[in-house]
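A short write-up of the structure that comes next.
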Amino acid sequence: MSRTSENLEDAFAGESQANRRYLAFARKATRDGFAQVARLFRAAAEAETIHALNHLRIMGEVKSTSDNLVAAVSGETFEFKKMYPKYLDLARQEGKQQAAWSFDVANKVEQVHASLFSKAVEALRNNRDLAEIDYYVCGVCGHTVEDTAPEKCPICGAPKAKFSQVA
């Protein structure tokens with residue numbers, strides 16, 4: 001791999017992390033009553049997304065929808081089978097309960113994502129799109145459900161009010 005290719009990967013990771021970090025900072029600024037600072041953080045987050053997407057495109061990582069779904073299933077499966085179990089075990093060994101909780105719920109949600117993406121792979125194999133349904137995401141753990149939000153999140157126990165519909 002060329003050094004430029006490595007730099008593109010590093011830049012993609014950095015820009016992606018900056019986006020998420022700035023969105024978290026925007027939420028905090030909003031809670032603290034600084035609406036304009038929050039707006040600035042969201043604007044910078046959007047710019048970081050543009051940078052990340054440019055890097056990803058140049059890296060050739062965005063392929064056909066079918067290829068992208070296969071990559072998504074692979075990535076989610078790696079996370080729930082290999083990555084998160086190791087992270088969770090270590091966090092528990094070190095007594096880091098909050099980190100263990102975060103790894104545990106993410107691990108469970110990644111299994112759901114792999115299943116949802118697998119259904120999409122199957123639909124594309126049959127030359128069709130998925131049925132038109134709504135998706136809801138738990139604002140506490142990220143659990144993703146089809147059709148309607150449950151009364152209580154089966155992963156973290158959050159109430160239905162914590163779920164938001166994805167446009």
**region 7-54 and region 58-135: distance between their alpha carbon centers, rounded to Å** = 23 Å
**Per-residue [θ]222 nm for the chain (sum of -39500 (n - 2.57) over DSSP H runs n ≥ 4, rounded to 500)** = -22500 deg cm²/dmol
**Prompt:** What order, most packed first, do the peptides 62-71, 124-133 have when packing is the mean number of other Cβ atoms within 10 Å of each residue?
**Reply:** 62-71, 124-133
**Message:** Under 19 Å between alpha carbons, and skipping anything fewer than 8 positions from residue 162 in its own chain: which lysines qualify?
**Reply:** 28, 108, 152
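None of the figures in this text is laboratory data; all of them are computed from the coordinates on show. Computed from a prediction, not measured in an experiment: that's the story for all the values here. Don't worry about glycine lacking a Cβ; one is built from the backbone with ideal geometry, like all the others, and counts go over all protein chains shown.
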